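The values are calculated or read from the model by the stated rules, or taken from the named source; none is laboratory data. Note that the structure is predicted; figures quoted are calculated from it, not measured. Cβ placement follows ideal geometry from the backbone for every residue including glycine, while neighbour counts extend to all protein chains displayed.
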Amino acid sequence: MPAEITNRFLDPTVLAGISSLDLVAKTVVDGFIAGLHRSPEFGFSQEFAEYRAYTPGDDLRHVDWNVYARTERAYLKRYRGETNTAVMVLLDASASMGFTSGAVQKFTFAKYLASAIVYLAHVQRDSAGLIAFHDDVANFVRPSARQGQLMRLLHAIDQAQLGKRTNFQRPFFELQQFLKRRGITVLISDFFEQPDTIIRTVEPLRFRGNELILFHVLDPRELAPVIGDAALLIDMESGDAIEASPDYARTEYPAKIGAHIESLRSKAQSAGMDYFLLRTDRPLDEALREYFTIRQGRM
C-alpha cells in the first residue's frame, strides 16, 4: 500500500478531537473512499457511483472536492441512478459499551461508525434510519431520504445515552413492525451475549430478504487484558463480580474471547450475514476500507 495512503489513516483519538459528528462522518467516509477509487462501486449499494481520475476536458462539476482536499488528486464521481436502498442502523447503547482502556470508549467509537454509515447512505441517496437500544428502544428515527434526514440521524446518534442491559429482541421486534421492503440492517454492538441467541434473534430478517451486517466493536483490553495482580472484575450491566488472576488473563481468557468471536463469526456467516470485528484503537477509515474491499470482492 502506498505510504501516502497509509499515513492518511486517522487515529481514533484524532476523531475524538473533531467537534461534531457530521465532520467526523465526512472525514472518515472521504478517507476510505479515497482508497477505493480504482473500484467502480463502493458502499452498500452496487449502483452508487463511479470514481475515475480527472482528465483535461472533464466537467469540473463532477469532481469530488472533498476527496481532492484530502488527497490533492482529482477524481470524478458519477451517479448511476437512484438505488432506493433502505439502510437501518441499530446502535447498542448498553452499559458495557461504556468501557474504555484508552482515549475512546466503545460507545463513542460506535457512534463514529454509525455516523459514517448514515453519511454514506446519504451520499448514495439511500434512505437511512436509526434505532439506539439497550434493554429498550431509546432512540428511533424512521428510515427516510427526505431533506434534513442526515441531520436528524446525526443528532439522534449524538444524543444517544448509555442504558443498562442489552436486549437484542426489542429493537428487532420494532424493526420488523415497519420494515415493509428489503434493505440493509447494520448492527453495531460489543455482542456480549451467546452467539446462538444473537443469531436466533436477528436471523428472521434474513428470511424476508434483508441483508444483515454485524460490526463487532471491542476495546483492545477486552481482547488482551492486562492484570498485574489478582483483581475483582465487575460486570457493567449486571453488577456481578468475579475474581481474576494474572494467569487467567494470560491464558484462559484469551482462549474464551477468541472462541466467542470465532463462534459469532462462523454462525453469522453460515446464516448469510456479514461479520466484521472493529478494535477501538484502529483507524476507522482504514477498517471501513478493508470491510468494503472484502464486500466488493463478493459482489
*If you go through the range 257-293 one residue at a time, how many are in contact (Cβ under 8 Å) with a residue 60 or more places away in the chain and among the aliphatic types (A, V, I, L, M)?*
8
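Every residue, every condition in (1) of a type in the set (Ser, Thr, Tyr); (2) modelled with pLDDT of 75 or more; (3) surrounded by fewer than 16 Cβ atoms within 10 Å (Cβ to Cβ), yes or no:
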residue: Phe173; (1), (2), (3): no, yes, yes
residue: Arg200; (1), (2), (3): no, yes, yes
residue: Asn210; (1), (2), (3): no, yes, no
residue: Ile213; (1), (2), (3): no, yes, no
residue: Glu237; (1), (2), (3): no, no, no
*Which one is modelled with the lowest pLDDT, of the residues in the range 150-171 that are over 19 Å from the mean Cα position of the chain (by Cα) and part of a helix (DSSP H, G or I)?*
Arg170
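For (1) modelled with pLDDT of 70 or more; (2) within 21 Å of Ser94 (Cβ to Cβ); (3) in a helix (DSSP H, G or I); (4) not basic (Lys, Arg), each residue gets a yes or a no:
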{"residue": "Arg221", "(1), (2), (3), (4)": "yes, yes, yes, no"}
{"residue": "Ile227", "(1), (2), (3), (4)": "no, no, no, yes"}
{"residue": "Tyr248", "(1), (2), (3), (4)": "no, no, yes, yes"}
{"residue": "His260", "(1), (2), (3), (4)": "yes, yes, yes, yes"}
{"residue": "Phe276", "(1), (2), (3), (4)": "yes, yes, no, yes"}
{"residue": "Ala287", "(1), (2), (3), (4)": "yes, no, yes, yes"}
_Residue that is surrounded by the fewest Cβ atoms within 10 Å (Cβ to Cβ), among those in the range 96-127 that are at pLDDT 90 or above, of a type in the set (Gly, Ala, Ser) and more than 14 Å from the chain's Cα centre (by Cα)_ = Gly98
*Residue satisfying all of: in the range 252-261; over 19 Å from the mean Cα position of the chain (by Cα) and not small (Gly, Ala, Ser); farthest from Pro195 (Cα to Cα) among these*: Glu252
*Using the structure shown, decide if Asp135 is part of a loop (DSSP other than H, G, I, E, B) and either of a type in the set (A, V, I, L, M, F, W, C) or out of contact with any Phe, Trp or Tyr (no Cβ under 6 Å at 6 or more places or on another chain) (or both).*
yes
